[in-house]
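The structure appears below as structure tokens.
Every number here is computed from the coordinates shown, using simple stated rules; none is lab data. Bear in mind the structure is a predicted one, so any value in this text is a computation, not a measurement. Positions of Cβ are generated from backbone atoms using ideal geometry, with glycine treated the same way; all protein chains shown enter the neighbour counts.
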Amino acid sequence: MIFFWGIRSALTKTVSFSAEKCPYCESAGSTSGKYFSRHFHIFWIPLFPFDKTGYVICSQCQRKRDTHLMNPGLREAFLQEKKTAPRFRFWQFTGLALPVLFFMVGVVAVTFNKKYAGKYIEDPKSGDTYFYTQNNGYYTTYKVDHISLDSVYIHPNGYEVADLKKLSSINRNENYSKTLLSFSRKELREFYRSRRIFKVERW
Ligand SMILES: [Zn+2]
């Protein structure tokens, strides 16, 4: 894999030095200072800023000048303005913020599941999937077929797994047995309360 990485910059401040006359094209009032915050990037995703830089440019002839080509008065004014140029733009931290963002999305998803699983147990719907820990310590899933006044009828999954991480891989329609089992709503609540049913999925 080829890695594209390097340095790019973000414009942070523009100042007009209207009293200046351009030494190349002699235009008056066309000189301005531009300040940048430089950052590292990987595949053009900014990681973090590390440096302030800048130059003066003439809007007539587009010639740029670094500090060593400025007259002393202009250089002093340029450096004075540089002090108040922002160090960075927040988007220059995008690359560092992404993992934090992914983590927060994960936390929200887990919280969401906990909040809604309880409601799903109280008000079961056909098609709900229950993630269940069996007596032997293995994990399996149940699919709700239909609901009566006091019972929930489910199809058990024909497979079970010892590794929780593999549980979602057996949750496939063709794995569910034709057999119908029933739980009373009270049993269902008890399974959820004791964490035997530890997750409910509803689409
Ligand atoms: Zn010029």
Debye intensity ratio in log₁₀ form over the Cα atoms of the chain, taken at each q of 0.14 Å⁻¹
-0.87
Rounded to the nearest 10 degrees, what's the angle between the helix 94-122 long axis and the longest principal axis of the chain, both from Cα atoms, 0 to 90?
20
Size of electric dipole in the chain: Cβ of Lys, Arg +1 and of Asp, Glu -1, about Cα centre, debye, nearest 20
460
In the range 49-88, the chymotrypsin sites (Phe, Trp or Tyr not before Pro) that fall in loop regions by DSSP, at most 15 other Cβ within 10 Å:
none
Karplus ³J(HN,Hα) for the range 66-74 (6.51 cos²θ - 1.76 cosθ + 1.60, θ = phi - 60°; Hz, whole; x = Gly/Pro) runs 7, 4, 6, 9, 8, 6, x, x, 5
Amide H to amide H, which residues 5 or more places from Gly29 or on other chains are under 5 Å from it, using H placed in the peptide plane?
Glu20, Cys22
Label points 7 Å out from Cα along the Cβ direction at Phe3 and Ile42: separation in nm?
0.6
Among His146, His41, His68, whose mean-square fluctuation peaks in a Gaussian network model of the chain (Cα, cutoff 10 Å)?
His68
What is the mean projected area of the alpha carbon convex hull for the range 1-97, to one decimal in square nanometres?
7.2
Farthest towards the positive end of the dipole of the range 23-165, among His146, Leu101, Gly73 and with Cβ unit charges of +1 on Lys and Arg and -1 on Asp and Glu, lies the Cα of Gly73
Helical contribution to [θ] at 222 nm, DSSP H n ≥ 4, -39,500 (n - 2.57), averaged over the chain, rounded to 500:
-8500 deg cm²/dmol
Please identify the chymotrypsin sites (Phe, Trp or Tyr not before Pro) of the range 1-38 that satisfy two criteria: DSSP loop assignment and at most 14 other Cβ atoms within 10 Å. Which are they?
Phe3, Phe4, Tyr24
What whole number of Å gives the distance from the Cα centroid of the range 59-73 to the Cα centroid of the range 153-173?
70
Which cross-chain or sequence-distant (5 or more) residues have an amide H under 5 Å from the amide H of Leu47, H modelled 1.01 Å from N in plane?
Phe40, His41, Ile42, Gly95
Calculated FRET efficiency, Asp51 and Ala109, Cβ-Cβ r, R0 30 Å, to nearest 0.05?
0.20
Extension length gain for Lys13 and Cys61 (0.36 nm per residue less Cα distance), in nm, is 15.2 nm
Regarding the range 53-147, what is the average projected area of its C-alpha convex hull, in nm²?
14.0
Can you find, among Phe198, Ala19, Phe48, the residue farthest towards the positive end of the dipole of the chain? Put +1 on the C-beta of Lys and Arg, -1 on that of Asp and Glu.
Ala19
Restricting to lysines 8 or more places apart or on different chains, can you count the pairs in the range 73-203 with Cα atoms under 15 Å from each other?
10
